[in-house]
């Protein structure tokens, strides 16, 4: 890992040109590499973030005129501001992906988000792994008792498929509770163990069919329950036995699925 020397060498002249072009603009105070290149954590597959600091009095004007100064820096086949007006996402004609980020006055200090973001639905971040673990297991059981059944019974397989990132987020929270690791940064393989990565790789493949969604959903749930249950006592948590019992009953009554070997 490293800085600009670690990425595709075509980014170097592009960054140099961005500096030359924007140095001619009186509204610009500084131009440099941001993101992983600026942090020294880039690799061969990283893209380029160009961090621009402007005079605060002229920042809004500079941002509005982004098509002009981006056009002077590089030809593009895509250039949009879908995230925020001050972030310009681009793809060059050479196939390089470059994001231009403009800050008024000074660039903020980049810090990882505080706490644990569990799954894709919860908007809350949990301050410690104990609370995150408790939520992850309970959310998995709730999902099995509710949406897992209703989506299968309705035949809403495409919609069901979109929930997979959520349940995988619950599983990775259990993984963090196993190891005591902090939430992962950009490169997840540095956080999770080879055994944990292997457990995910061993999950059944999934398509938008009832059989695949059933097999995959139950396999993920079993991992969460079987790996999460032993962690509850060390974290001074009470296992949600009532919720587990009701969930097992609903799976049996509505889908004919017997989970007594791992859920009860």
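The values are calculated or read from the model by the stated rules, or taken from the named source; none is laboratory data. Keep in mind that this is a model prediction, so the values were computed, not measured. Cβ sites come from the backbone with ideal geometry, for glycine too, and all protein chains shown count toward neighbours.
Of the residues making up segment 85-107, those that are over 15 Å from residue 47 (Cα atoms) and in contact with a strand residue (DSSP E or B) (Cβ under 8 Å, 6 or more places away or on another chain) are 86, 102, 103, 104, 105, 106, 107.
With the condition kept exactly as written, say whether any residue in segment 177-188 is touching a helix residue (DSSP H, G or I) at 6+ places or on another chain (Cβ under 6 Å) and assigned to a helix (DSSP H, G or I). Spell out the reasoning first.
First, the residues of segment 177-188 that are touching a helix residue (DSSP H, G or I) at 6+ places or on another chain (Cβ under 6 Å): 177.
With assigned to a helix (DSSP H, G or I) added as a condition, the list becomes 177.
Yes - at least one qualifying residue is present in segment 177-188.
Scanning segment 230-245 for residues that are assigned to a helix (DSSP H, G or I) and exposed (fewer than 15 other Cβ atoms within 10 Å of the Cβ) gives 230, 241, 242, 245.
Flag: residue 43 does not match the condition of being out of contact with any strand residue (DSSP E or B) (no Cβ under 9 Å at 6 or more places or on another chain) and modelled with pLDDT under 95.
May I ask you to list the residues in segment 3-47 that are at positive phi and surrounded by fewer than 18 Cβ atoms within 10 Å (Cβ to Cβ)? Once the filter is applied, which keeps residues that are at positive phi and surrounded by fewer than 18 Cβ atoms within 10 Å (Cβ to Cβ), segment 3-47 yields only 40. Here residue 78 clears all of (1) surrounded by 15 or more Cβ atoms within 10 Å (Cβ to Cβ); (2) in contact with a strand residue (DSSP E or B) (Cβ under 9 Å, 6 or more places away or on another chain); (3) outside any helix (DSSP H, G or I) except the condition numbered (1). Taking residue 72, is it surrounded by fewer than 18 Cβ atoms within 10 Å (Cβ to Cβ), more than 26 Å from residue 190 (Cβ to Cβ) and touching a helix residue (DSSP H, G or I) at 6+ places or on another chain (Cβ under 9 Å)? Yes.
Being crowded, with 19+ Cβ neighbours inside 10 Å and touching a residue at least 60 places away in the same chain (Cβ under 8 Å) is the filter here, so list the residues in segment 129-142 that pass it. Once the filter is applied, which keeps residues that are crowded, with 19+ Cβ neighbours inside 10 Å and touching a residue at least 60 places away in the same chain (Cβ under 8 Å), segment 129-142 yields 129, 133, 134, 136, 137, 140, 141.
Residues in segment 139-164 that are closer than 20 Å to residue 243 by Cα and assigned to a helix (DSSP H, G or I): how many?
If we filter segment 139-164 for residues that are closer than 20 Å to residue 243 by Cα, which is where we start, we get 139-151.
Applying the additional criterion that residues be assigned to a helix (DSSP H, G or I) yields 139-145, 147-151.
The qualifying residues number 12.
Residue 58 meets all of the listed conditions (1) outside any helix (DSSP H, G or I); (2) within 25 Å of residue 105 (Cβ to Cβ); (3) out of contact with any strand residue (DSSP E or B) (no Cβ under 7 Å at 6 or more places or on another chain) but one, namely (1).
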